[in-house]
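Chemist: Right, I'll just put the structure down here and ask away after.
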Amino acid sequence: MKKYLKNVICGFACVVIIICGSIFSSFTKENKIANKGKNAIIELWHVDSFEGGKGSRKDFLLSSSLKFEKKHNVIISVISHTIQSATLALKDSCPDLISCGNGIDIVNIVKSIPIKSQDGVCQIKNKNYGVTWYRGGYALIGQGENTDLIVSQGEYTLPLLAYKKQGLSFKNIKVLPPQKAYQEYLSKGGYLLGTQRDIIRLTNRGIEVKYSPISCFCDLNQVICLTTTDTEKMGYCQDFISYLLSPERQLALESIGMLSVSNLDLYKDSPLKELQKTQIQSTQNFFTSPEILKNITFELKQELKTC
């Protein structure tokens, strides 16, 4: 009887040890997964430095990040900035990814990536430090014999360089900020050197838009750069960049009125159809300093005698 009880007690003890070991193993595994999830938080700054198409480009990134999070053990925090606020914030902190156009100086914090960009806009000494994930486009809007041209000029965009490279010729050239340029065109007519945003604005007013795409030059590139200093996050960051370039997300750009960098047929029955089909021949390097960009515009205004 004593031997029987001893065997029972020993057997029970083994079962307890096995169960406890299983519980501990399960807890440890779940804890590791939880910790991994907590550690994998990607901070992405989004900067709008040129006019978009329609809707919110930040919301598009938020939607993309939520879809990405479902397939990966990661959280992507999307923070909206202006060029000025991003420049100020970079003095104290650095995100893992930055989505932005020309006009922000981040050349000293970007990391090279193995993902190739079709336009080479982010290359330094044959190394790629970012990729364009959507773009805009310049267009000469209007028709007739009018010799007056209104140019939509962003703070760091180069529409006058597009004008020059395209070989356009107008007697009177007036340069205005984007919204004022659009209003001036509405009230006075003539021609407008505008962007996808102006085509959408006019279409929304029920105006049939006549335009010619500018193919010789475009600097309306939204770039995404890897800036993380955390080696454990680099894989997630590069995967997210690749996801933004996937057919799924490139086709979805139609929802915000921007142009795909993958030559996809987004706009079959839209005024943006011809703009999307346009093959851009040259662009401006993304790492051109803000000061140089402003100097280029200043010199072109002098050369073209704009008002």
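Chemist: For segment 183-203, what are the residues that are over 20 Å from SER169 (Cα atoms) and touching a residue at least 24 places away in the same chain (Cβ under 8 Å)?
Modeler: Of segment 183-203, the ones over 20 Å from SER169 (Cα atoms) are 183, 186-187, 196-203.
Within segment 183-203, GLN196, ARG197, ASP198, ILE199, ILE200, LEU202, THR203 meet the criteria.
Chemist: Let me ask something additional. With the condition kept exactly as written, say whether any residue in segment 162-180 is closer than 23 Å to SER262 by Cα, assigned to a helix (DSSP H, G or I), in contact with a strand residue (DSSP E or B) (Cβ under 6 Å, 6 or more places away or on another chain) and of a type outside the set (Lys, Arg).
Modeler: Yes, because at least one residue in segment 162-180 is closer than 23 Å to SER262 by Cα, assigned to a helix (DSSP H, G or I), in contact with a strand residue (DSSP E or B) (Cβ under 6 Å, 6 or more places away or on another chain) and of a type outside the set (Lys, Arg).
Chemist: Take the residues in segment 287-296 that are of a type outside the set (A, V, I, L, M, F, W, C) and part of a loop (DSSP other than H, G, I, E, B), then tell me which one is surrounded by the fewest Cβ atoms within 10 Å (Cβ to Cβ).
Modeler: From segment 287-296, those of a type outside the set (A, V, I, L, M, F, W, C) are 288-291, 294-295; that's our starting set.
With the extra rule that they be part of a loop (DSSP other than H, G, I, E, B), the set shrinks to 288-289.
Details: THR288: 18, SER289: 13.
Once the filter is applied, the top-ranked residue is SER289.
Chemist: While we're looking at this one, here's another question. Would you point out the residue of segment 263-286, among those that are crowded, with 16+ Cβ neighbours inside 10 Å and touching a helix residue (DSSP H, G or I) at 6+ places or on another chain (Cβ under 7 Å), that is modelled with the lowest pLDDT?
Modeler: LEU266
Chemist: Check off (1) under 20 Å from the mean Cα position of the chain (by Cα); (2) part of a loop (DSSP other than H, G, I, E, B); (3) surrounded by fewer than 17 Cβ atoms within 10 Å (Cβ to Cβ) for LEU251 and give me the number that stays unchecked.
Modeler: The number of the failed condition is (2).
Chemist: Kindly list, by first and then second residue, each pair from a residue in segment 157-177 that is under 14 Å from THR283 (Cβ atoms) to a residue that is among the small types (Gly, Ala, Ser) and surrounded by fewer than 18 Cβ atoms within 10 Å (Cβ to Cβ), limited to pairs with Cβ atoms under 7 Å and residues at least 6 apart or on different chains.
Modeler: Cβ pairs passing all conditions: LYS165/SER282.
Chemist: Moving on. For segment 105-157, name all the residues that are part of a loop (DSSP other than H, G, I, E, B) and of a type in the set (Phe, Trp, Tyr). Outline the logic, then answer.
Modeler: Going through segment 105-157, the residues part of a loop (DSSP other than H, G, I, E, B) turn out to be 105-110, 112-122, 125-126, 129-130, 136-137, 142-147, 153-157.
Correct list: TYR129, TYR156.
Chemist: Hey, among the residues in segment 195-221 that are over 18 Å from GLN284 (Cα atoms) and polar (S, T, N, Q), which one's surrounded by the fewest Cβ atoms within 10 Å (Cβ to Cβ)?
Modeler: The residue in question is ASN204.
Chemist: Now for a different question. Taking the conditions exactly as written (of a type outside the set (S, T, N, Q), more than 20 Å from the chain's Cα centre (by Cα), crowded, with 23+ Cβ neighbours inside 10 Å and not in a helix (DSSP H, G or I)), does LEU192 satisfy them or not? Working first, answer last.
Modeler: Working: of a type outside the set (S, T, N, Q): yes; more than 20 Å from the chain's Cα centre (by Cα): yes; crowded, with 23+ Cβ neighbours inside 10 Å: yes; not in a helix (DSSP H, G or I): yes.
The answer is yes for LEU192.
The values are calculated or read from the model by the stated rules, or taken from the named source; none is laboratory data. As the structure is a prediction and not an experimental result, all values here were calculated from the model. Reconstructed Cβ throughout: ideal geometry from the backbone, glycine too, with neighbour counts over all protein chains shown.
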